[in-house]
Structures are given as C-alpha cells and as structure tokens.
Amino acid sequence: MFGLSAKATYFLVAVFTVVVVAISAVLGVFVFAGWDKYDKYNINKVASLEFSEGEDEFRILQLTDTHIKSVDQLDYMKRSVQELIDNSNPHLIVITGDGIWAGRGRKYSNTKAVLKEYVKLMDSFEIPWTYTFGNHDFEGNAKAVDYIEAFKSAKYCLFDNGPAAIYGNSNHFVNIKNGKDVVFSVGILDSNANRKYKDTVGNYDHIRDNQVAWYEWNIKGVSKYQYGEYDPTTGKVVSSILFYHIPQYEFYEERLQLLDEIGLNVENANGEIATETDDLSGKDSRLYPGRRSKLIETAVALGSTKAMFVGHLHRDRSVYDYKGVKLVQGTKTLTTSFFYGNEASDSANVIGGTVVSIAKDGSYTWQREISSIVEPEYAE
C-alpha cells in the first residue's frame, strides 16, 4: 500500500477503522460487523424462535405508529396492547416505527426518558419483540445509539442493528423454526426517514440498494441452510414476510390504480375501506418515497416473500396484490397523533394491530385485530 511495509499498512487500516467507529458513534450510528455479499450465511448469527409445544401456529402481532410523546400516555398503550395480546396470543411482536415522537414544536423534549419507560413496558409483556425505525423516531433527543442501547438492555427484545456495511439502523431477520427446520423467515428492514429529491415530490426515503442485496443474501442463505440449495423452481426456498415503516413506491402506484377503479370510501376486495379519507388522496405522492426501491421487484424474483406489512399512513387500510406479493397497510396502534377524525365511534374501526399466523408448512394468513380501548383525546 503506497510503498508501505505490511506492518505499517495494517497499522493505518486499524487507525482508519477506529476513526470510522468513533465518527459513527458521534453521529448516533451503532456499528456492527461488516457484510459482503460473498460472506457465508451463518444460521447461528440470526435470531430464531420456535413453535410452542403443542401449537400448530406461530403468531406475530404488528404494532405501528404508537407515537408516544409522554410517559403519561404509556398507561393507555399498556391497556390497549394488553387487549391485543389477550385476543391474539402472539409469540412475537414487531413494532414498525414511529413508536416515540417528540411531537410538533417539541423537538428537544426528553424522549430519552420516554424511550426508557417504553422499553420497560414492552418487556413487561414477557413476549419476544423487536423494532424497526420510522421517520419520526429521532426527532427528539433520543438518537439511534440511545434506542439501540435501550433495546440491548431489554430481556425480551430481539432487535439487531444489522451490519454497518448497509444503510439504515434496524435491518435484521428472525427465523421461525420447528426443531432444526426453518419454517419461515421474518425480515425487518429500516425504510429510513425523510429525504428531498430533485426530480420528484416524494418526501420520504426509499429502501436502498445495499439493503436489498443484503435481504436477497439472507433469503438465499437461509434457503441453502434448509434445503441445501436455493431453487424456487423446485420449491427450495424458505417462505418469508417483511416488516418496515414507509410503504414503498409500488404501494403508491397500486393506490392510484385502486382509486381509478373504485374511488374513495369504497370497500376493496377484502371487504375493507381501502381509501378511507381524502387527506390521503391517491395523488398525494408526498406521503411516499420519491424514488422506486429495488426491494419489491427483487422479492417477486426471489419467490420467497409472501407479504410486506408497513405503517406510516395512519388511516389507510389498503391491501394490494403485486405480482403475487401481498402489500398490506398495517393497522395503526393508538389514537396518539395524526389521527384524522377523533370520534370514538369512528376511531374504533381503524385502531389496533395486525396479526400474522404462520403454519408449520410455511403457509400464512393475516387479519386485523381491532382495539376496543380508544382514547381520542390524545389525537392531534
């Protein structure tokens, strides 16, 4: 290297690595091991959960957009989430972003204190849980490193920040096993946050190329572990689902098509109101990424991912079938902010969680779990 001895080269590389780690820590980015697409997949480095003895289903409860702004709101969250747990009996809880929010005009509020109590609350349910970030999580004084340290201290949290080599702060997988067999793989991706584009009006970031490459590497790696090879044409691919916060561009395209076909406030094919309010009109592309990610087309090509569950749009209940991949707008949890329409009778139709049930043969079903505990006075 530049005529230096091997010893000097190794020293410079070590110094450079230390500097990168230090800068990353200052910026609030928690650094984990690197990753390269040529790395060998190691099943032992991926979190896993097993089917409970005597049960034929593994259930996942998705919570999203709880938007807790103060410790006082956690009592409401506890009662609402406990009801959802009692009704669905989940084995894993996935929170898809915007769990904590500093709130309008309160960018420097003490979200660190809220975060501490939020994590305690989630651990109190004594159910494995994990988290991916949304676009509001870092608007207070709690940054990525604070979240990650809090998650690491929790007994039941399976959160992993993911490799430093890829974009984002919450990219990880959880494998669902039946004995040694991987029945299903659950991917949690960081859809990142706000972003300005020169040529489009979308206000939100997209899932980046290296995240997609890492997702593909995981799917092929777990399939090779299970079947000895990855070959979707012969069924040698582990089924999966993905959770993330911001719906990607294909959600927007499908929404436009749906609006052209049925208009606003009309039931979709699933018997749900798919486009419930004009504030989320199909032409409002500001609510989506300004650029198309490679994620969904890659998922179609891989033949593994059956569905993607997102948050972000609080009252939207759209469900799309995109080339065989189900795109599901998750059910907002709690009436804590950005909730359009504060009447309890209206709120009760759209607040709760989303439950995914996985069978031992790799098939899955999903349904909404509506909460009867609604406190609209918290809405803004």
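The values are calculated or read from the model by the stated rules, or taken from the named source; none is laboratory data. Given the structure is predicted, the values throughout are model-derived calculations rather than measurements. In this analysis, Cβ positions are derived from the backbone assuming ideal geometry, glycine residues included, and neighbour counts consider all displayed protein chains.
Summed over the stretch 61-116, the residues that are basic (K, R) and within 16 Å of K332 (Cβ to Cβ) give a count of 1. Only a single criterion out of (1) at pLDDT 95 or above; (2) outside any helix (DSSP H, G or I) is not satisfied by D321, namely (1).
Which of (1) among the small types (G, A, S); (2) farther than 21 Å from Q62 by Cα; (3) at pLDDT 70 or above is the odd one out, the single condition G352 does not satisfy? Failed condition: (2). Pairing each residue of the stretch 113-124 that is in the same structural domain as L74 (by TED's automatic domain parsing) and of a type outside the set (K, R) with any residue that is modelled with pLDDT of 95 or more and part of a helix (DSSP H, G or I), provided the two are 6+ apart or on different chains, yields C-beta distances under 6 Å for L115/A150; E117/L74; V119/A150; L121/L74; L121/K78. Contact map, the stretch 209-222: residues that are surrounded by fewer than 19 Cβ atoms within 10 Å (Cβ to Cβ) paired with residues that are among the acidic types (D, E), Cβ distance under 8 Å, separation 6+ or inter-chain. Pairs shown: W217/D39.
Per the listing K196, K177, K224, the residue uniquely in a helix (DSSP H, G or I) and among the basic types (K, R) is K224.
Among the candidates G103, G99, which residue alone is small (G, A, S), closer than 15 Å to F159 by Cα and under 22 Å from the mean Cα position of the chain (by Cα)? Show your work before the answer.
On the way: G103 fails: closer than 15 Å to F159 by Cα.
The unique qualifying residue is G99.
Working only within the stretch 172-186, note down all residues that are surrounded by fewer than 24 Cβ atoms within 10 Å (Cβ to Cβ) and either closer than 14 Å to S52 by Cα or touching a helix residue (DSSP H, G or I) at 6+ places or on another chain (Cβ under 9 Å) (or both). Selection gives N175, K177, N178, G179, K180, D181, V182, V183.
Going through (1) touching a helix residue (DSSP H, G or I) at 6+ places or on another chain (Cβ under 6 Å); (2) surrounded by fewer than 16 Cβ atoms within 10 Å (Cβ to Cβ) one by one, T234 falls short only on (1). The one condition from (1) modelled with pLDDT of 95 or more; (2) aromatic (F, W, Y); (3) touching a His at 6+ places or on another chain (Cβ under 9 Å) that Y118 does not meet is (3). Checked against (1) in contact with a Leu (Cβ under 6 Å, 6 or more places away or on another chain); (2) at pLDDT below 95, Y244 meets all criteria but (2).
Just for the stretch 279-301: of the residues that are surrounded by fewer than 19 Cβ atoms within 10 Å (Cβ to Cβ), at pLDDT 95 or above and assigned to a helix (DSSP H, G or I), which one is farthest from the chain's Cα centre (by Cα)? Out of the qualifying residues, it is A301.
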